[in-house]
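Remarks on the structure that follows.
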Amino acid sequence: MKIYIIGQKGLPAVSGGVENHVTNLAIKLAKAGHDVFAYTRRNYTSKNWTEFMGVKLISLPSIGTKNLDAISHTFLACLDFIIKRKDADIIHFHSIGPSSLIWLIKLFRPKVKVIFTFHSQCYFNTKWGKFAKFYLSWGEKIGCKKADEVIVISKNLKKYVEEKYHRTTNYIPNGVNIIDPRTADLIKTNWNLEKDSYILSVSRLVKNKGLEYLITAYKNLNTDKKLVIAGDGNYKEELEKLANNNTNIIFTGNQNGPVLEELYSNTALFVQPSEAEGLSIALLEATSFKLPVLISDIEANKEIMGDNAFSFVSKDTKDLEIKLKQFLKGENRSNIDENTEIIYNKIHSQYNWDDIVSQTITVYNKVL
């Protein structure tokens, strides 16, 4: 098959759940023998890159502002596809913003099959104004109604789409690559971090990720463990102000590869405090390292961790503080360790990238 992927910032993934998802999907589709093309933004992937691990890259510009970056790039990608890519079998849209332009493909290339992957309800992100939230909601509607097949990455989204749009969907979750733990070498050099000496959260630094609750709760602890926050985003300045120059709160910026693997491998506890998620790749990655995990009790997190998860009430700083103190005192540790083992085995069986790619190919074949 000749497959075009649209909606991601670029390859390889530097940050972002969608970019991580698309990178893994595209590479494995190419390895399976398919002809795979991915559109990339020049402010994310160098325009000099024309191929990455078998995936052909099509570099296009964008208007690099918060509101116009994604949609301007998607519009140019749609024009490129309509005018130049006459032999395509599949065009696969990712995320609700880019899916707002599916109608262009349907109008000018009606024979091409369109797949839409619904990753998250992005309009819940507080960074968006009223018009942007309206537009994202409209994009969700277009994607769910106009695509030939809809893929959802969580059971919660599956239920939502089928109830709201009366549309049968294909549940194919995010995946995770199982990686052997690493010793604390690079992170010791960079931030003086050693095994079990810190609490970790990995996230885009945006408001609905709940990091302000984590920082506030941490500041009320009496502990020698540091708080490490890996990621970047437009909420970083506010979070740094909240940290108030506390030397035990470390912002590492975006990390990937060996450094991120070391951060996961050596933390005492991983905390996922999000107010809203589609299906968190960071949480999947943390569980793949067999870590004790503390989550906010939102449905997307409980879908991975189960109803018996070590959790706190979402957005409740006091409850988060109480749960952190319980962990540091060793309370309820046998139950936490038992659940950690259960979830680790679940990750191996249910969130395997080879299976996910196989299921995606099945959806492609269904529409063809």
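Read the figures in this text as sums done on the coordinates, not as results from a lab. Note that the structure is predicted; figures quoted are calculated from it, not measured. Here Cβ is always computed from backbone atoms with ideal geometry, including for glycine, and neighbour counts include all displayed protein chains.
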For this session: Give the relative contact order (percent, whole number) for segment 186-350; include only Cα pairs under 8 Å separated by 6+ residues.
Result: 24
For this session: On a 0 to 90° scale, report how tilted helix 257-266 is relative to the longest principal axis of the chain, with both axes built from alpha carbons and the result rounded to the nearest 10.
Result: 40
Exercise. Measuring from centroid to centroid over Cα atoms, what is the spacing of segment 254-333 and segment 20-38 in Å?
Worked result: 29
Seminar exercise, completed: Taking Cα atoms only, helix 353-367 is inclined relative to the longest principal axis of the chain by an angle, in degrees rounded to 10, of 30
Exercise. Where does each of 134, 289 land when they are ranked from fewest to most other beta-carbon atoms within 10 angstrom?
Worked result: 134, 289
Exercise. So, by mean Cβ neighbours within 10 angstrom, what's the order for 159-165, 264-270 with the highest one leading?
Worked result: 264-270, 159-165
Exercise. Percent relative contact order of the chain, based on C-alpha pairs within less than 8 angstrom and at least six residues apart?
Worked result: 15
For this session: With the Cα gyration tensor of segment 327-368 in hand, convert its eigenvalues to equivalent ellipsoid semi-axes via √(5λ) and list them largest first in whole Å.
Result: 38, 8, 6
For this session: Out of all DSSP beta bridges with both ends in the chain, state the antiparallel percent to the nearest 5.
Result: 5
Problem set entry | Order of 314, 100 - criterion: other Cβ atoms within 10 Å of each residue's Cβ, fewest first | 314, 100
Seminar exercise, completed: For 59, 201, 95, 120, ascending order of other Cβ atoms within 10 Å (fewest first) is 59, 120, 201, 95
Problem set entry | Tilt relative to the chain, helix 317-328 - C-alpha long axis, 0 to 90 degrees, to 10 | 60
Problem set entry | For segment 186-350, size of Cβ-based charge dipole, Lys and Arg +1, Asp and Glu -1, in debye | 360
For this session: Given the peptides 208-220, 107-119, arrange them by the average over their residues of other C-beta atoms within 10 Å, most packed first.
Result: 208-220, 107-119
For this session: Place +1 on the Cβ of every Lys and Arg and -1 on the Cβ of every Asp and Glu in the chain, take the dipole about the Cα centre, and give the residue among 197, 210, 293 whose Cα lies farthest towards its positive end.
Result: 210
For this session: Using Cα pairs closer than 8 Å and at least 6 residues apart in sequence, work out the relative contact order for segment 117-157, in percent.
Result: 57
Problem set entry | Signed unit charges on C-beta, dipole axis of segment 186-350, positive-most listed residue 220, 247, 283 | 247
Exercise. What shape does segment 244-368 take by its C-alpha gyration tensor, where a ≥ b ≥ c are the square roots of the eigenvalues and a/c under 1.5 counts as rounded, a/b above b/c as prolate, and the rest as oblate?
Worked result: prolate
Seminar exercise, completed: To the nearest 20 debye, the chain has a Cα-centred charge dipole, built from +1 on Lys and Arg Cβ and -1 on Asp and Glu Cβ, of 1440
